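The values are calculated or read from the model by the stated rules, or taken from the named source; none is laboratory data. Predicted model, so just to flag it, every value in this text is computed and none were measured. Note that we place each Cβ from the backbone using ideal geometry, even for glycine, and neighbour counts take in every protein chain shown.
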Amino acid sequence: MHYRTPLREVRGLGSARAGTRHWWMQRVTALALIPLVFWFAMALAAWPSVSQMEFVRWVSRPWNTILLLSFIPAVFYHAMLGIQVIMEDYVHTDWIKIMGILAMKLLLAFLALASMFAVLRLAFLG
Amino acid sequence: MLDEVYRQAPRIGSGEAGPRRPLSPHLQIYRLPVTALLSITHRITGVLLTLGLVLLALGLMAAAAGPVSYVKFQAFLTGYVGQMLLWGWLYALFFHLCHGVRHLVWDTGNGFTREHLNIIAYLEIAMSLVFTLAVFLFTRFL
């Protein structure tokens, strides 16, 4: 009777053709963020002096909505990948590292979702 | 006394006792070159920018929740702490951008000679200041 599944045979043997994905996605999001960041920086700098009504009007302009909806996932994903590397480098206790990275990713995903939801709500419902 | 400590300290990577030699320039006795300072600053700004994203999400949610919560968030943004955080975040953003672009250049295999490294390091600092100042002037006078 064989209880050993094929998974046991391949575990720990290295590449599953996914090894460069983290590195690559960090670069892809970085490239996407280069133009977005200039637009976002100017919007952010003006934010404090804007009333709620003006802000709603700004968010619901089509180009602003779509730029926000591009910026938010790109920036949160980029942050997720970067913080993961830092935690992998500086946290040396395995279980704390693994649970920490998991918690960080879930939290950032949740915040990204909240941001996207807020933008959509402002754009469509005012 | 100290000799004895060194002699008995285990060597890194082996179970045996023996003389422990310095393995690499130690952070406390090694003066960091500007490139190393920028490298660690890249990480620090990355962490700070991520913390700022939490505030971004809270701000957008405050705006979506309605005028009352928006006014509270706006009061925070226009206060001393809020303004410091906002402009600190923007500077961190442009620093991270400049050093990030250099990383992308490095990925192509270019820009590794010593003269290059130092010139571009100072250029990065200058450009991040220029971008921040440009945004500041843009929002004040346009």
Report task. Within region B:72-106, work out how many residues are loosely packed, with under 15 Cβ neighbours inside 10 Å and at the interface with chain A (Cβ under 7 Å from one of its Cβ atoms). Result -> 2
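Considering only residues that are facing chain B (nearest Cβ under 8 Å) and closer than 21 Å to B:Val47 by Cα, look in region A:104-126 and name the one that is surrounded by the most Cβ atoms within 10 Å (Cβ to Cβ).
Step by step, filter region A:104-126, then rank; the result is A:Ser115.
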Query raised in the report: Is it true that some residue in region A:67-81 is loosely packed, with under 12 Cβ neighbours inside 10 Å and in a helix (DSSP H, G or I)?
Result: no
Query - Boolean, B:Val135 is within 11 Å of chain A (Cβ to nearest Cβ), out of contact with any Gly (no Cβ under 8 Å at 6 or more places or on another chain) and of a type in the set (Val, Ile, Thr) - result: yes
Query raised in the report: Does any residue of region B:56-66 turn out to be within 30 Å of A:Leu125 (Cα to Cα), within 9 Å of chain A (Cβ to nearest Cβ) and either outside any helix (DSSP H, G or I) or modelled with pLDDT under 95 (or both)?
Result: yes
Requested in this report: Inspect region A:87-94 for any residue being under 24 Å from A:Leu31 (Cα atoms) and of a type in the set (Val, Ile, Thr) and give the result as yes or no.
Outcome: no
Report summary line: Looking across region A:47-74 at residues that are in contact with a helix residue (DSSP H, G or I) (Cβ under 7 Å, 6 or more places away or on another chain) and of a type in the set (Phe, Trp, Tyr), the single one that is nearest to B:Gly82 (Cα to Cα) is A:Trp47
Report task. Looking only at region B:67-85, decide whether some residue is of a type in the set (Lys, Arg) and under 19 Å from the mean Cα position of the chain (by Cα). Result -> no
Query raised in the report: Would you say A:Ala41 is assigned to a helix (DSSP H, G or I), modelled with pLDDT of 95 or more and closer than 27 Å to A:Leu102 by Cβ?
Result: no
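Residue-wise test of (1) in a helix (DSSP H, G or I); (2) within 11 Å of another protein chain (Cβ to nearest Cβ); (3) without any contact (Cβ under 8 Å) to a residue 12 or more places away in the chain.
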residue	(1), (2), (3)
B:Thr35	yes, no, no
B:Gly46	yes, yes, no
B:Ser69	yes, yes, yes
B:Asn118	yes, no, no
B:Ile125	yes, no, no
B:Leu129	yes, no, no
B:Arg140	yes, yes, yes
Query raised in the report: Any chance region A:91-103 includes a residue that's modelled with pLDDT of 95 or more, within 10 Å of chain B (Cβ to nearest Cβ) and part of a helix (DSSP H, G or I)?
Result: no
